[in-house]
Structures are given as structure tokens and as C-alpha cells.
Amino acid sequence: SATATSSPQDFFTVDSPNVKYTDDKIESKYVYRTTAVTKGADGKYKAAPKETVYDFQVDRKVPRTGMMLVGWGGNNGSTVTAGIIANRRNLAWDTREGPRAANYYGSVIMGSTMKLGTDAETAEEINIPFHNVLPMVHPNDLVVGGWDISSMNIAAAMDRAQVLEPTLKAQVYKEMSQMKPLPSIYYPDFIAANQGDRADNVLPGSKACMAHVEQIRKDISDFKAQNNLDKVIVMWTANTERYADIIPGVNDTAENLMKAIETGHEEVSPSTVFSVACILDKVPFINGSPQNTFVPGAIDLAEKHGAFIGGDDFKSGQTKMKSALVDFLINAGIKLTSISSYNHLGNNDGKNLSSQKQFRSKEISKSNVVDDMVAANSVLYKKDEHPDHCVVIKYMPAVGDNKRALDEYYAEIFLGGHQTISIFNVCEDSLLASPLIIDLVVVAEMMTRISWKSEAAGDYKGFHSVLSILSYMLKAPLTPPGTPVVNALAKQRSALTNIFRACVGLQPESDMTLEHKLF
Ligand code: NAI
């Protein structure tokens with residue numbers, strides 16, 4: 001078909017004694033160079049270059065992959081589905097601004113490039129599509145399915161979302177009207193009461209139970225069989241839930257969490273039940289909403305099963321700007337002293353967030369996003385000093401999915417002066433989130449095909465269960481227990497880029513360009 005995935009061999013191969021290509025694998029030996037710092041008795045730092053040798057192995061066979069969305073009938077779910085179909089069928093449609101054609105703008109994997117190196121003769125930069133760095137799944141090839149507590153078919157759900165142009169909808173309508181979400185788990189206490197009237201497609205039972213876990217596992221394996229898939233990735237893009245209380249003996253360990261589900265404990269959320277079902281079958285599960293789906297017991301369970309999990313909360317609009325702008329300000333030596341963030345939106349997400357407990361989840365997720373950048377600068381900030389930071393979200397039905405984010409950044413500059421930056425960001429929320437869903441799925445799937453070993457750790461194995469490599473796409477990145485969170489956008493992107501480079505034996509892109517400076 002016109003949408004066949006291209007293999008990276010078509011694009012580039014690495015010519016190095018440390019890199020080997022076989023029919024089904026790329027193998028590389030990679031020297032990871034870091035700096036180990038110690039503090040001496042005199043209080044001074046000593047920095048020592050450190051080298052660790054890793055072997056990476058990439059499975060080259062691109063699997064037939066399914067993407068199952070929890071909340072498939074929502075704005076994001078219906079929009080990403082229509083977007084994939086439009087791209088797969090290469091559609092064009094008329095708008096009042098003229099014809100538009102399907103694209104993947106806003107996806108870092110499909111819409112951005114990576115510098116491969118410099119041309120050996122002309123010294124020109126050679127940039128390649130990010131998608132071609134490793135043999136990744138092409139989003140056009142994803143088979144889409146999922147669950148929703150609302151029974152509406154996905155074409156009707158797309159109408160309800162009020163996001164896409166009628167001329168585009170008309171072309172995908174028939175195909176999407178055949179798509180019906182599976183009945184889902186609904187525990188009314190976890191989402192806003194104002195969602196109750198759409199919950200007409202639910203499994204019996206209103207608190208956690210093993211029957212729910214087993215039903216979700218069955219749904220996934222049926223979907224896999226029906227569509228002849230090698231692999232499935234599950235993504236939570238359903239309503240934001242309230243936080244679950246962390247209760248010792250209930251959700252603090254894997255064992256306790258399983259017991260809590262068996263005994264129907266009321267603090268186990270639907271999203272946690274979904275995550276448990278996925279973990280048990282090693283199906284990667286990503287949480288696109290802000291709630292604490294991954295209670296300590298769920299993380300523990302994922303580690304025990306070697307299953308991949310990732311989260312939390314898509315980083316689409318305001319926070320993405322924040323994690324780029326604050327990174328820039330603080331690294332420019334400008335002392336940011338306050339951030340005031342106001343949002344209003346009129347879609348169903350906004351309606352759900354108009355309820356206090358659900359808003360609280362979002363507030364927490366949006367609040368800690370500058371901490372690492374502040375903590376890294378001891379010149380501007382004393383220990384534990386933070387800029388003031390406030391986040392407000394209001395439901396304004398009339399603006400629909402066209403979310404407004406108003407931010408004021410207030411900073412102290414040279415000799416007590418001030419700088420105020422005001423940003424008014426308006427965009428269709430689901431058109432920002434949909435490409436992130438694609439990136440999360442494509443990268444998570446890729447990570448299931450990368451393994452590593454070192455001299456210290458004998459045989460090939462996978463990355464840690466908590467996929468912090470997904471951080472670029474997420475507002476409150478989940479990291480392996482005890483490891484630091486990185487929110488700075490540029491750092492997140494280089495982690496993603498350079499880990500993928502390492503897998504094919506290439507050094508990180510350092511931007512030193514000494515070849516243009518030393519001659
Ligand atoms: P939406 O409200 O349009 O869609 C959510 C869907 O989930 C609805 O169709 C609802 O019926 C369904 N649902 C609720 N509980 C469910 C359950 N237990 N099982 C299955 N389905 C269930 O919301 P939208 O705009 O699609 O956003 C989805 C989520 O993504 C929200 O939590 C939102 O906070 C989060 N998010 C969205 C961003 C964006 O830019 N659109 C950015 C960051 C996060």
C-alpha cells in the first residue's frame with residue numbers, strides 16, 4: 001500500500017565496527033560518557049569523566065500494532081481516529097481557506113527531524129525525519145479500538161466533539177460509524193457527577209473487582225486476535241479522575257493492590273484497574289490524564305512483571321509552552337518570580353474539570369512543572385525558593401474545544417528591573433493532543449523492541465518498566481522510583497533523540513560543530 005512503513009535501511013545505515021546489522025536485528029556497542037562528581041573534604045567538587053559500555057539490540061521487524069484507547073468516544077479519541085484514517089487514505093478536503101490535506105503536524109515523531117550529521121564533502125547539515133531514526137511503526141498502520149462509558153459510535157462521537165471540518169468528517173464518517181467502543185468500567189465516584197448522563201455503556205459493578213480486570217484482559221486479547229495483531233498499546237484518554245488516596249495495606253504494594261481489587265476496595269480507580277489488566281499481560285499502558293493511576297502498588301506490579309507503563313497527562317498546550325519558556329528564562333539567567341496561568345475551555349474535559357476533585361488532579365499535574373529548572377539554578381534561587389505559581393481552569397461552554405490559556409510570566413532582570421511576558425494561547429485542544437497520542441504509542445511500541453546489556457548486567461533485558469523516555473509528551477512525567485523528574489522540554493527531547501541514536505551506535509548530537517570552528 002501507499003502507506004507501507006519505510007525501514008531505516010532505506011534512509012541510512014551506520015558504518016562503524018561497533019554496529020552490526022542482521023536480518024532481524026541492529027546491534028550496537030555504545031560507550032556512554034558521563035561525569036561523576038564528588039565533593040572533597042575541602043568542600044570543592046571533583047569531576048571525573050566516566051565511561052560505561054552498553055550493548056544495544058533493536059528488533060527490526062515492525063510489528064502489526066493496535067492502539068486501544070480508554071475514552072475512545074471522547075474528543076481526543078474520535079479526533080485521533082479520524083486523523084489516522086485521513087492520513088491512511090491520503091485525504092484532502094475543502095475549507096474556507098482552501099483545500100487542506102492530511103498531515104501529522106504536532107507529532108515529534110512524524111513532524112520533526114533529527115540531525116544525522118554533516119555531509120562529508122559539503123559540510124552541510126543532514127537532517128532526517130525523526131520517524132526514520134529507528135524502524136518505528138507508522139501511525140497509518142495502527143489499528144484503532146477501545147472502550148468508552150458512552151455507547152455512541154465513533155463517527156457520532158466525532159460530531160459530538162465539534163472539532164473537525166464537515167468536509168473532512170463526511171469522508172471518514174462511514175468507516176467511523178462502524179467503530180463501536182467496548183463497554184467500560186465506571187465507578188461514578190472517580191469522575192465528575194456531570195458525566196453520569198453519558199454513561200450508558202458500562203460493565204456491571206461500581207467498584208473494583210477481578211471480573212473487571214479479567215474482562216479488560218479478554219477485550220485486549222480478542223482485539224488482538226480479531227485484527228491479527230502482534231502487539232497492542234493501551235492509552236487512557238478518558239475523563240480525568242479524582243486522586244486516589246494512598247492507603248497503606250491497600251494500594252502501596254503489588255500484593256496489596258491485587259488484594260484490594262479482589263475485595264472491592266473503594267479507593268481503586270477505573271484507570272488503575274485498566275493498568276493492572278495491561279500489566280498482567282505485559283501490554284504497555286500509558287496514562288494521558290493527570291490522576292494518580294500509578295499508585296505505588298501499580299508501579300510495583302509493573303516492575304514485577306517487566307511491563308511498560310508511562311504517564312501522566314498529555315503535555316499539549318500551556319504546559320508545553322511553560323516547559324520551553326521557563327527553561328529559556330532561567331537558563332538565560334533571568335529570575336522568574338511568578339507564573340499566573342488561566343485557562344478556559346468548553347469541551348467535555350472542561351465540564352468534567354469544573355468539579356473540584358477532578359480539577360485538583362489537573363492542578364497538581366500543572367503545578368510542579370518548573371521545579372527541576374528552578375532547583376538547577378542555585379545562582380538565582382536559594383534552596384527551596386520557588387517562583388509563585390497559580391493555575392486556574394474555568395468551564396466556558398461557548399468556546400468548545402478551542403481552549404484558551406492566558407499566562408503571565410513575571411521576572412526580575414538586571415539591577416532590580418522587571419520583565420513581564422504575557423501569552424495568550426488559543427488552540428483546538430484535541431488537535432494538539434492527538435499527535436501526542438500517536439507519539440506516545442509509537443515510542444512506547446519502539447521501546448518494547450529495544451534491549452540492552454552491560455558487563456555488570458549479564459543478559460539482554462528491557463528498559464525499566466517506567467518509561468520516562470516519554471516525558472516530552474507528558475506534563476507530569478512518571479519516572480522510575482527514586483529517579484529525578486525532568487520537565488525541561490529541550491532536555492526531554494535530547495533524551496529521546498540521543499537514546500535512539502545510541503541504539504544505532506551514534507554519539508549524542510552535541511551541537512558543538514567544532515568542524516566549523518577549528519580549521
Ligand atoms: P472527553 O471528555 O471528550 O473524552 C473523555 C471520554 O472518556 C468520554 O467520551 C467519556 O465518556 C470517556 N470515559 C470517562 N470515563 C471512562 C471510563 N472509565 N472508561 C472509558 N471511557 C470513559 O475529553 P478529551 O478532551 O478527549 O480529554 C481526555 C483526557 O485527556 C482528559 O482527562 C483530559 O484532561 C486529558 N488531557 C487532554 C488534553 C488535550 O489537549 N486535549 C491535554 C492533557 C490532558
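Summary of computed values
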{"read-out": "Meets criteria (hydrophobic (A, V, I, L, M, F, W, C) and either under 24 Å from Gly400 (Cα atoms) or in contact with a Phe, Trp or Tyr (Cβ under 8 Å, 6 or more places away or on another chain) (or both)) for Phe328", "value": "no"}
{"read-out": "Some residue of region 184-191 being among the aromatic types (Phe, Trp, Tyr), out of contact with any strand residue (DSSP E or B) (no Cβ under 8 Å at 6 or more places or on another chain) and more than 10 Å from the ligand (Cβ to nearest atom)", "value": "no"}
{"read-out": "From Tyr381, Tyr472, Tyr409, residue being within 16 Å of the ligand (Cβ to nearest atom) and surrounded by 14 or more Cβ atoms within 10 Å (Cβ to Cβ)", "value": "Tyr472"}
{"read-out": "Check on Ser361, closer than 16 Å to Leu478 by Cβ and under 19 Å from the mean Cα position of the chain (by Cα)", "value": "yes"}
{"read-out": "Positions within region 92-140 being farther than 19 Å from Asn498 by Cβ, charged (D, E, K, R) and without any contact (Cβ under 8 Å) to a residue 12 or more places away in the chain, in sequence order", "value": "Arg96, Glu97, Asp119, Glu121, Glu124"}
{"read-out": "Of all residues making up region 218-239, the number that are away from the ligand (no atom under 15 Å from the Cβ), touching a helix residue (DSSP H, G or I) at 6+ places or on another chain (Cβ under 9 Å) and assigned to a loop (DSSP other than H, G, I, E, B)", "value": "2"}
{"read-out": "Among residues of region 393-405, those that are over 14 Å from Thr319 (Cβ atoms) and in a strand (DSSP E or B), counted", "value": "4"}
{"read-out": "Options Thr167, Thr113, Thr122: the member that is away from the ligand (no atom under 16 Å from the Cβ), hydroxyl-bearing (Ser, Thr, Tyr) and modelled with pLDDT under 95", "value": "Thr122"}
{"read-out": "Condition met for Glu303 (charged (D, E, K, R) and farther than 27 Å from Gly462 by Cβ)", "value": "no"}
{"read-out": "Flag if Arg242 is among the basic types (Lys, Arg), farther than 22 Å from Asp439 by Cβ, within 16 Å of the ligand (Cβ to nearest atom) and in a loop (DSSP other than H, G, I, E, B)", "value": "yes"}
{"read-out": "All positions within region 318-346 that are within 12 Å of the ligand (Cβ to nearest atom) and farther than 24 Å from Phe285 by Cβ", "value": "Gln318, Asn343, Leu345, Gly346"}
{"read-out": "Check on Leu431, modelled with pLDDT of 95 or more, under 24 Å from Ala332 (Cβ atoms) and not in a loop (DSSP other than H, G, I, E, B)", "value": "no"}
{"read-out": "Subset of region 57-82 [touching an Asp or Glu at 6+ places or on another chain (Cβ under 7 Å) and away from the ligand (no atom under 16 Å from the Cβ)]", "value": "Gln57, Asp59, Arg60, Lys61, Pro63, Arg64, Thr65"}
{"read-out": "Some residue of region 427-435 being over 22 Å from Ala476 (Cα atoms) and touching a residue at least 60 places away in the same chain (Cβ under 8 Å)", "value": "no"}
{"read-out": "Qualifying residue in region 255-266 (condition: part of a loop (DSSP other than H, G, I, E, B), within 13 Å of the ligand (Cβ to nearest atom) and closer than 21 Å to Pro183 by Cα)", "value": "no"}
{"read-out": "Residue list for region 384-395, restricted to those being under 30 Å from Thr237 (Cβ atoms) and either buried (at least 16 other Cβ atoms within 10 Å of the Cβ) or aromatic (Phe, Trp, Tyr) (or both)", "value": "His389, Val391, Ile393, Tyr395"}
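Every residue, every condition in (1) closer than 29 Å to Gly145 by Cα; (2) within 14 Å of the ligand (Cβ to nearest atom); (3) modelled with pLDDT under 95, yes or no:
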position	(1), (2), (3)
His386	no, no, yes
Lys403	yes, yes, yes
Ile421	no, no, no
Leu440	yes, yes, no
Arg449	yes, no, no
Ala457	no, no, yes
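The values are calculated or read from the model by the stated rules, or taken from the named source; none is laboratory data. In this text the structure is predicted, and so the values were computed from the model without any measurement. Because the Cβ atoms are built from the backbone with ideal geometry, glycine has one as well, and the counts that use them run over all protein chains shown.
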